[in-house]
Amino acid sequence: MSASAKKRIMREYGECMTEKPAGMKINFDEQNMTKWEVLMDGPDGSAYAGGHFKLEIVFPNEYPFKPPVVSFRTKIYHPNVSNDDKGSMCLGLLRPDEWKPPNKVVAVLRLIQSLMVEPNIDDAIEPSIGNEYKENRKEFEKNAKDWVKRYAK
Amino acid sequence: MARKRSSQHAAPQPTPPTASGSAGNPISLRGSNSPAPAAPAIPAPPTGRSGLRSAKSLGTVAVGQPTTQGNRVAKAAPKKKEPKPKPIKKECFICATTRQVSNCAGRGFKAVEGACDHFQNTCNVCIGKMIKEKIVKRDLDEAVLVCAFPDCEHVLDYNTIRQMIFKGARENWDTALLNHHLSNSENYVPCLNPNCGRYFSVEDCQAKSSESRSKNKADRSHPITCPYCEEDMCLDCMRPWHRSTSCDKAKIAEEEQSLQVIKNISKPCPKCGANIQKNGGCNHMKCRHCKHDFCFSCLVGFGPNMQHAEGCPERNQNILQDPRNWLPDDVNIGNWMPAMMRAAGLPDLPQQPGQVLPPPIPPPPNPVGAPRQPEPRGLLGLLQMIRAFHHNHPEVNGNANGGQDQPGN
Ligand SMILES: [Zn+2]
Ligand SMILES: [Zn+2]
Ligand SMILES: [Zn+2]
Ligand SMILES: [Zn+2]
Ligand SMILES: [Zn+2]
Ligand SMILES: [Zn+2]
């Protein structure tokens with residue numbers, strides 16, 4: 001990773017420290033600054049409320065010209081998170097073709113928070129969960145809460 | 001949009017045609033060999049965009065003055081009395097690196113008159129990297145750079161960008177632009193020789209080729225020869241020349257050979273056919289031409305109820321189809337499963353004592369390359385029923401806690 005990419009990541013971490021975005025905690029390791037661990041609270045009023053989710057943000061060597069890669073390390077029942085051991089997310093500004101260099105990780109984290117409140121069904125990586133969200137909201141919330149109890153407490 | 005060209009192919013690089021497209025916005029491109037114009041002829045207005053929209057910033061962001069955007073200048077503007085003006089430095093909005101303002105291409109910042117604050121504070125290195133990204137993404141319809149900051153649509157034009165980036169980057173971009181625009185023109189084909197790869201005019205070469213091969217009897221395939229390296233190709237199927245073999249057979253042979261390689265690198269968009277290259281990231285792709293969402297691995301379109309094709313590595317990641325997510329290993333389905341299977345019109349499961357797996361998902365009729373798979377409503381419905389049953393009958397788990405499965409991680 002180039003020195004300028006590292007500078008940029010440092011700068012962003014600094015901004016996160018001053019801004020202190022609500023509902024999350026960032027673990028930053030200066031020895032390995034290309035991988036952030038984020039602890040995110042399930043937003044109040046969402047099906048994930050009360051849960052604590054561990055996320056991993058990995059910065060590519062080409063950062064900020066390529067998007068960071070976000071994955072849930074805590075299992076979550078969500079249409080936009082892949083239901084495998086990767087827990088990957090790939091939508092909106094996280095998509096390589098939509099990412100823009102001025103975008104910041106904070107924006108990514110806020111996007112994730114908003115997706116926990118309202119999933120993006122049109123862009124579901126788990127279409128069956130997306131469909132359930134659309135057609136059987138009760139069942140969806142039941143399942144999502146079930147998973148919070150099982151994995152995110 | 002057939003484009004005619006009649007220049008001799010003796011020239012080292014053909015002069016590129018103007019950009020195609022109904023918008024009719026000419027992009028002035030020059031081959032990398034031609035010199036830049038001394039005085040900018042009327043700069044081609046950036047296509048379809050607002051161009052110098054932020055002309056209001058003109059003058060206010062003169063180089064050397066601190067910008068209002070919070071990014072300070074390291075040293076105050078030089079006083080007139082000092083013999084040597086201190087170099088002006090500023091920090092790049094993108095890479096957070098402090099560099100000098102200079103008029104050299106490559107490093108530092110170039111003072112671009114009339115550019116938006118963002119471009120004024122984006123270093124040349126970052127501009128070069130953005131151009132590199134454009135090349136990688138084949139984002140080459142327009143030879144400009146649009147400001148990536150929100151609500152700013154300022155456009156840096158081709159000539160300005162060329163003055164900012166390193167020579168190598170400049171040449172790469174020119175070549176990519178050239179090839180991109182040539183490849184959009186029907187009459188140009190790329191040479192298949194990997195050491196050549198140049199585009200040449202079919203029309204110019206056809207005559208020569210058919211002359212030299214006039215003995216070709218049943219002319220079922222038409223050879224064409226690259227004017228640069230003399231590589232022979234088949235004009236009908238655009239493969240290396242395959243002599244007596246038919247195009248179909250050549251196609252099969254090639255597919256067998258290179259399917260694996262091609263599969264992993266680039267594929268045509270299943271909707272519009274644009275070449276989509278995957279470089280990192282997940283298999284969920286969005287075509288940048290038609291915005292179609294699809295799985296890069298199996299080419300099935302994304303949407304509610306989508307089902308990845310048989311053999312796609314993403315297939316089992318769909319939650320309702322992943323046995324680990326809805327059936328604990330020790331559930332006893334003996335009594336109700338066969339009835340449910342019959343109700344869903346599926347064959348009975350073979351009895352496998354001690355092992356319980358969901359029924360295999362029937363292969364779609366035309367797995368790979370099919371634009372859209374039939375949605376397995378019946379099966380998904382069945383799986384949902386099973387899951388619902390499972391929720392309502394925790395006792396069948398033989399497991400006090402209601403069928404907890406193991407975290408996948
Ligand atoms: Zn701008
Ligand atoms: Zn920079
Ligand atoms: Zn050639
Ligand atoms: Zn052929
Ligand atoms: Zn497309
Ligand atoms: Zn697939």
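Where a number appears in this text, it was derived from the coordinates with a stated rule and is not lab data. Given the structure is predicted, the values throughout are model-derived calculations rather than measurements. Neighbour counts are summed over all protein chains in view; Cβ atoms, including those assigned to glycine, are modelled from backbone coordinates with ideal geometry.
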Q) If one computes the Cα centroid of segment A:81-102 and of segment B:147-162, what distance in Å separates the two points? A) 25 Å
**Q.** Calculated from backbone phi, Karplus (6.51, -1.76, 1.60) coupling profile of segment A:128-135 in Hz, x at Gly/Pro
**A.** 5, 5, x, 5, 5, 4, 6, 9
Q) By the scheme Lys and Arg +1, Asp and Glu -1, what is the net charge of all other residues having a beta-carbon under 13 Å from that of B:L192? A) -2
Q) Given the Cα-Cα distance of B:E255 and B:E203 and 0.36 nm per residue of separation, how much length would full extension add, in nm? A) 15.9 nm
Q: Among A:N61, A:N143, A:N32, determine the one that fluctuates most according to a GNM of chain A built with springs between C-alpha atoms less than 10 Å apart.
A: A:N32
Q: Rounded to whole Hz and in sequence order, give me ³J(HN,Hα) for segment B:168-184 from the Karplus expression 6.51 cos²θ - 1.76 cosθ + 1.60, θ = phi - 60°, writing x for Gly and Pro.
A: x, 4, 4, 5, 4, 5, 4, 5, 5, 4, 4, 5, 4, 6, 5, 5, 7
**Q.** Long-range amide H partners of A:D84 with built H, under 5 Å
**A.** none
Q.
Once R0 is set to 60 Å, what does the formula 1/(1 + (r/R0)^6) return for the Cβ-Cβ distance between B:E113 and B:M238, expressed as a FRET efficiency to the nearest 0.05?
A. 0.85
Q) At B:Q163 and A:A3, where each label point lies 7 Å from the Cα along Cα→Cβ, what is the point-to-point distance in nanometres? A) 2.8 nm
Q: Would you compute, from DSSP H runs of 4+ residues alone, the mean residue ellipticity of chain A at 222 nm, taking -39500 (n - 2.57) per run and dividing by the full residue count, rounded to the nearest 500?
A: -11500 deg cm²/dmol
Q.
Tell me the Kirkwood radius of segment B:102-194: reciprocal of the mean inverse pair distance over distinct alpha-carbon atoms, in Å.
A. 14.1 Å
